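For reference, the structure is listed below as C-alpha cells.
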C-alpha cells in the first residue's frame, strides 16, 4: 500500500499547490502593480522636491549675495557661503564676480573648474557621481530714486546689471536613501500581501482539499481492486452527491466483477478444452501432412527418374510429344513440392544464412544461363548487365532470389525484354569510391504490370492476379513470398514499383564489400565432366525409387550397386569394393537411417567416402543432422539435372585417383 499512499500524497500536494497558486497569482499581481505605481510616483515626487529645494536655496543665496558683490564685501559673502554649506545635501558653494573670478569658495567641490556661466539658471547632473551642479546669476535690483512715492520696481526698458554667479553642488545621497527605503517598504508590503493571501488560501483550501482527498483515496482503493470499499456520506460534505455516486458505482462494480469472474472461469475452462482439442487436431494434421508429404514425394521422385530415363531412349514424334508433356507435368509437381519445401524451411527458421563478401558477376551469370532458354522460347530479350561489384550477402540465397524474380518477369512478359542490372551508389568500386555504400540490384520487365491494389497482396502465399483457374503455366504464387521472406532473412531491403501495362521493377539493396574479401576456398582439382565408370552405391528401401535411380545412373555411364539397408550395403561393398559415391535415402528399413549407414560404410572402408542423402522428409531437424554430419541433403523429388551436378561436384579426378590407388594397395 505504500505506493498508493505516495500517489495520494502527491495528489494532495498537487491540489493544494494549485489552489495556493490560484490564490497567490492575483494577490501577487495586484500587490506588485500597486507597489510599482507607489514607488514610481514617490520616487518622482522626491526627485522633484529635491530639485525644487536646490533651486530655492541657490536663489536665496543669489539674493543675499547681491549687496556683498555690489559693495565688494568679501566677509559678507564668506558668511553667506559658510551658512549655506550647513544645509543638508550641500557639498560645495562658490560666489563668482561678473568677470568669472572666484570671490568665495567653501566645501569640497567635485569639479576642477567652473561650469559654463550664463545669464540663465543652469542645472547639470553628473551621471558618474550623481551630483547636481546648479548655477544662478546675481543681478542688481533696479529702483528709481526720483519717483519713489508714485511707483517702484525695475524699468523693463533697462537691462538688469549682472553682478556675478552662485555655483552650488548638491549631493543625492539622501535622495537615494529615501528611494531605497521606499523600495524596501514596497517589497515588505508586497510580501505581506502574499503571506496574507497564502495563509487565506491554505485555510480555505483545507476545507476543500480534505473532501477531495477522501474521494481520491476511495477511487484509488477501487482502482487497486478493493471493490467492497464504501465511505460515509457526510451531511455537510460539499462532495456529498459525488461520494454517494462513488458508493453506488463501487457496489455495481463489485457485482459485475463477481459475475465476470464466473464467466471468465467458465470461458477459460471451455477454451482449455478447445485448445487441447486443437492441439490434438494439429498434431494429427502435422503427422498426416508429414506422412502424406513423404509418401507423395517417394513416387514423384521415382516418376522423375523413370521419365528422365525414358527421355533418353529413341521415340517416334508422337511418343516424344507424350514424353515431353509427361516431363512437364512431373516438373510442375516438383516445382510445387520445392516451393512448399522452401516455405516450410522459412516457417521453421531452418534456412541457414552464410553472409560474406562475394562478387555479383558469377551470380548474374548463373541466373542468365538458367533463364536464357525460357526467355528465348517466348521471344524475349534477356539482358544481364555486367558488373564488377562485390557485396556482402549469401550467394546461394541471393541466387535463389534473383532466379525467382527473373523467372517471374519472364512468365508475365509477352513481348519486349527483361533486364537484370546492378546500380552501385556513389561510394562503390564501380563509382570510383571506397566501400561502405550500397548496391541496388534491379529486375525490370516490360510485362503486364501489377495494379496498385494488388501490389501488397502479391507477396502472400498462393496469391496470383488474374489466375482464378490456377493455370500451372502461370506459376504457383509462391515465388514472391519466398523472395520477400528470404530478403528479410538476409537483411536486404526489397521494394516493388509497377504500372499496369508498362512493366514492373523489383529492387534489392545490398551492402557493398571490398573486392577480394571473400573467404578462401580450398583448392580442388577440376571436376569430372563425365560420369563413365563412376562407382555409385544406391541405398534405397523403396523398390520403385531404387529401380528408377539405378536405371538413370546406369544411363549416365555409372557402375551402380544397390542395397536396401546397412547390412546389405556392407555385403555389397565387400564383394564389389569401395564405391566412389554413396547415394542413400534417409529413412530405411527397421531402425536404419542414411547417416548411420554412410558412417558404417566409411568405417568399413577405412577412409571417408563422398556421399549425399535423399529424403522425402522435410523436417528441419533432418537438415540440421545432415549438416552436422557433413552430408548434402536432397529433398525428393530430386531433379535429374541437380543430381548430375551434385555427382560432378562430389567427385574429382584427384580424389578418385587417390581412392583407387588406396584400393589397389589394399
Using the count of nearby Cβ atoms within 10 Å as a rough guide to exposure, how do 163, 39, 203 rank from fewest to most? 203, 39, 163
So how do 514, 45, 564, 445 line up by other beta-carbon neighbours within 10 Å, fewest first? 45, 514, 564, 445
Kindly list the residues of the range 603-630 that lie in the label zone of residue 575, defined by a backbone N under 19 Å from the point 7 Å along the Cα-to-C-beta vector. 604-605
Of 38, 170, how do they rank once you tally other Cβ atoms within 10 Å and put the fewest first? 38, 170
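Read-outs: derived from the displayed coordinates by stated rules, not from any lab. These numbers were taken from a predicted model, which means no experiment stands behind them. Ideal geometry is used to build each Cβ from the backbone, glycine not excepted, and the neighbour counts take in all protein chains shown.
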